[in-house]
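Working notes for the structure below.
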Amino acid sequence: MKQAYHILNGDFLTSELIHTVNNSNVIVCRECLIEGEVDAKNLGEFWSIRAKFIAHSYNETIENYYSKVVSEFDKIKVIPPNSEVCLWFENDLFCQINLWFMLYLLKEKTTLKLYRIFPIIQKNENKWIGFGNANVKELKMAYKNKVLFSESDRMLSINLWEAFQKSDFKKLKELSIQNYNCFEYLEEVCQAHIDRFPIYDSIGLPQKLLNEIITSSKSTDFESVFSEFSEKFGIFGFGDLQLKRMYNQQMKLT
């Protein structure tokens, strides 16, 4: 019987998933590639760049980055040939960038059967929530409805990562209008990333939207601001740590 492995975007689903699929072969992507430098000549330099960014931005240590983050990615190297690998990633920008990177890391493992696990979305307005509110029944349904990555899907993901890595917005836009089975809302998501780096405005769209919330809301405490931003602009997929950095920058100016 072929072994199955599950790659998750963050730790929040780990314990629930192990019981849902009766499988402990779980690899956790603990990166936030939506932030910081990602361009590097090789993977060793990439980890070094990311370790320094995370340590500087989130009061972490470089040692912890390698032990907590890189160690998980290293597990990919020992996945046996012909295994089934399920990628549990949501549709927002944060998760999609991490997904592209995972497919890039897996590109040499051509014998693996890779599957995208989509979150079960009952209402369109909840399409950016993902697995956050999923119960066991919905997780089992998501797993049952897994979609196989075709060769075209895999190549698209690799190309998306390389365009993102080089900040090639033109290429990213071109790739986003292609239609493949393992990607949803791709055009919206890629445009959301492009809007983070405006040509004429002094600040990107997320910062602009955050500033509007801060100036118009009755409460400017971070929890309230984060809740409102996540509800209105979930397409970016920012966690509290990412938004807090933007929030702190703005509060220093007010």
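The values are calculated or read from the model by the stated rules, or taken from the named source; none is laboratory data. All of these numbers come straight from a predicted model, not from anything done at the bench. Positions of Cβ are backbone-derived with ideal geometry, glycine not excepted, and every protein chain shown enters the neighbour counts. Heads up: the accessible areas ignore ligands, DNA and RNA and are worked out on the full protein's heavy atoms, side chains in. Shrake-Rupley method; radii C 1.70, N 1.55, O 1.52, S 1.80 Å.
Quick look at the values:
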{"item": "Residue within the range 149-168 that is open to solvent by 80 Å² or more (accessible area, probe 1.4 Å) and not in a helix (DSSP H, G or I) present", "result": "yes"}
{"item": "Selection within the range 113-145 - assigned to a loop (DSSP other than H, G, I, E, B) and more than 18 Å from the chain's Cα centre (by Cα)", "result": "Gln122, Lys123, Asn135, Asn145"}
{"item": "Residues located in the range 222-239, provided they are more than 25 Å from Asn124 (Cβ to Cβ) and either open to solvent by 60 Å² or more (accessible area, probe 1.4 Å) or at pLDDT 95 or above (or both)", "result": "Glu223"}
{"item": "Odd one out for Asn181, checked against (1) touching a residue at least 24 places away in the same chain (Cβ under 8 Å); (2) in a helix (DSSP H, G or I)", "result": "(2)"}
{"item": "Candidate set: the range 83-141, residues that are in contact (Cβ under 8 Å) with a residue 12 or more places away in the chain and acidic (Asp, Glu); chosen: the one farthest from Tyr180 (Cα to Cα)", "result": "Glu138"}
{"item": "In the range 10-48, the residues that are within 30 Å of Met141 (Cβ to Cβ), more than 19 Å from the chain's Cα centre (by Cα) and open to solvent by 60 Å² or more (accessible area, probe 1.4 Å)", "result": "Ser15, Glu16, His19, Asn22, Ser24"}
{"item": "Test for Ser83: is it within 20 Å of the chain's Cα centre (by Cα), polar (S, T, N, Q) and open to solvent by less than 40 Å² (accessible area, probe 1.4 Å)", "result": "no"}
{"item": "Residue within the range 111-121 that is closer than 24 Å to Glu35 by Cβ and open to solvent by less than 70 Å² (accessible area, probe 1.4 Å) present", "result": "yes"}
{"item": "Condition check for Ile177: of a type in the set (Val, Ile, Thr), out of contact with any strand residue (DSSP E or B) (no Cβ under 9 Å at 6 or more places or on another chain) and surrounded by 16 or more Cβ atoms within 10 Å (Cβ to Cβ)", "result": "no"}
{"item": "Among (1) in contact with a strand residue (DSSP E or B) (Cβ under 7 Å, 6 or more places away or on another chain); (2) among the aliphatic types (A, V, I, L, M); (3) open to solvent by 40 Å² or more (accessible area, probe 1.4 Å), the one test that Met141 misses", "result": "(1)"}
